[in-house]
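Participant: I have a structure here, written as structure tokens, and I will follow up with some questions on it.
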Amino acid sequence: MGSFSIWHWLIVLAIVVLVFGTKKLKNIGSDLGGAVKGFKDGVRDGTTPAEQAQPAAPAAPAQQVAASAPVDAKNDGKTIDVEAKSKS
């Protein structure tokens with residue numbers, strides 16, 4: 001009882017397509033992709049949706065970078081200081 005060959009997998013794939021249809025498989029694929037993307041965003045943020053729903057305390061205003069700031073190897077003068085808006 002060895003491993004399955006490519007022909008076995010092709011037959012299984014053909015049966016799955018016949019049973020579910022290509023439209024249903026496409027929907028399943030896009031749903032799975034959306035779930036993976038949501039999982040990655042959640043892991044990256046490190047917060048749960050319940051924590052995101054609670055209003056956060058107002059943050060202190062960002063400091064502005066002076067125009068006469070020295071340019072070094074790390075800061076090549078191309079960095080732009082911006083303030084991001086949060087979605088509500």
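Participant: Could you give me the residue pairs with C-beta distances under 6 Å whose first residue belongs to region 8-21 and is free of Cβ contacts under 8 Å to residues at least 12 places away in the same chain, whose second residue is surrounded by 11 or more Cβ atoms within 10 Å (Cβ to Cβ) wherever it lies, and which are 6+ apart or on separate chains?
Facilitator: none
Participant: Let me ask you something else. Go through region 10-29 and report how many residues are under 31 Å from the mean Cα position of the chain (by Cα), assigned to a helix (DSSP H, G or I) and either acidic (Asp, Glu) or surrounded by 10 or more Cβ atoms within 10 Å (Cβ to Cβ) (or both). Steps first, please.
Facilitator: In the first step, residues of region 10-29 are kept if they are under 31 Å from the mean Cα position of the chain (by Cα); the result is 13, 16-17, 20-29.
After this cut, where a residue has to be assigned to a helix (DSSP H, G or I) as well, the list is 13, 16-17, 20, 22-29.
The next check asks that each one be either acidic (Asp, Glu) or surrounded by 10 or more Cβ atoms within 10 Å (Cβ to Cβ) (or both); those that pass are 13, 16-17, 20, 24-29.
So the count comes out to 10.
A short reminder: the numbers here are calculations on the coordinates, not readings from a lab. All values reported here derive from a predicted model rather than from experimental measurement. Note that each Cβ is placed from the backbone with ideal geometry, even for glycine, and that neighbours are counted across all protein chains shown.
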